[in-house]
Amino acid sequence: MLRQVAEGVLIHESEFLQSNAIVVQGRAGVLLIDPGVTGYEIACLANDLRELGQPVVAGFSTHPHWDHLLWHAQLGAAPRYGTARCAATVRDRLSDAGAKDRVAALIPPDIAEQVPLDLLGLITGVPADMAQIPWDGPQVRIVEHQAHAPGHAALLISERGVLVAGDMLSDVLIPMLDLNDTADPIEDYLAALRLLEGVAGDVDVLVPGHGSIGGADQVRARIDQDRAYVHALCDAGVPRDPRVGPSATYGKDWLPGVHERQLQHLARRSERDGTPG
Ligand SMILES: [Zn+2]
């Protein structure tokens, strides 16, 4: 079911990790950002759009993780985009014959059979010097950073006051650092939060990749919460964060031990480099 969160911007929420697919209405059809997770849900979204007489004219993946790279034949054959770095990462990771088996192994077993991998990751990079998505609709500015995943894009739809945050600023998931692709995951994360802070004044509606939609007050509150978590991680402290531990919505069942793994990884890294954090 589609729910309007701002003029011409609608959300379709998945049962998996409270994932949000975002529909932006343009002149001749819609831009679909991070379409969703199970085949059934994406087909349902495609049906809703057909009933509204709104074909998908463009797609966008915020970052190169499987749950943001999916597509379904019923959505049609519109061009699908990501940042140039996101597209290059996807090409790199999915080019060999065993790639889809590796991806399938990452998917929680209870939904694995429902996730359509046929059209996974078929995206084109937006040239690095192009700061917006090429499509016929409200301007969608690409705010690229290297937190969480290579070439991660937050999207600012200024005319509608909407920030699509991808996998940051979630009220249900802790910041998950990109521990494999970057020399300084902590600083990359903090730099991304500063970038988002820089556009916060233009935002009335915050749409995270996973979690609840937030109002203007939530943008700064979640930036502060994410920053506090990253600082606690850096100091190897215990974050006072409702997204960690037994009270966490998804921490136990879907993503157990993420916080502990991040702590251990950073401890090993600082031991190796002889630097704190
Ligand atoms: Zn992700």
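Since every read-out is calculated from the coordinates, none of them should be taken as a lab result. Small disclaimer: the values here were computed from a predicted structure and weren't measured. Heads up, the Cβs are rebuilt from the backbone with ideal geometry, glycines too, and the neighbour counts pull from every protein chain shown.
Tabulated data for the structure shown
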quantity: Principal semi-axes in Å for the chain [√(5λ), Cα gyration tensor, largest first]; calculated: 29, 21, 18
quantity: Charge dipole magnitude, Cβ of K and R +1, D and E -1 - the chain, Cα centre, debye nearest 20; calculated: 180 debye
quantity: Region 29-81 shape via C-alpha gyration tensor axes, a/c threshold 1.5; calculated: oblate
quantity: FRET efficiency for D129 and D217, using Cβ-Cβ distance with R0 set to 35 Å, rounded to 0.05; calculated: 0.55
quantity: Pairwise label distance in nanometres, A228 with E159, each label 7 Å out on the Cα-Cβ vector; calculated: 3.8 nm
quantity: For V126, distant residues with modelled amide H under 5 Å away; calculated: G82, T83, A84
quantity: Nitroxide proxy distance, nm - points 7 Å out along Cα→Cβ at Q114 and V199; calculated: 3.1 nm
quantity: Of all DSSP beta bridges in the chain, antiparallel share, percent nearest 5; calculated: 65 percent
quantity: Shape call, region 1-145: gyration tensor on alpha carbons, a/c limit 1.5; calculated: oblate
quantity: Computed lengthening from D92 to A236, 0.36 nm per intervening residue step minus Cα-Cα distance; calculated: 48.5 nm
quantity: The chain - percent relative contact order, Cα under 8 Å, separation 6 or more; calculated: 15 percent
quantity: Residues in region 113-149 that a label on T182 would reach, taking backbone N under 15 Å of a point 7 Å out along Cα→Cβ; calculated: 143-149
quantity: The chain: angle of helix 84-94 to the longest principal axis, Cα-based, in degrees nearest 10; calculated: 80 degrees
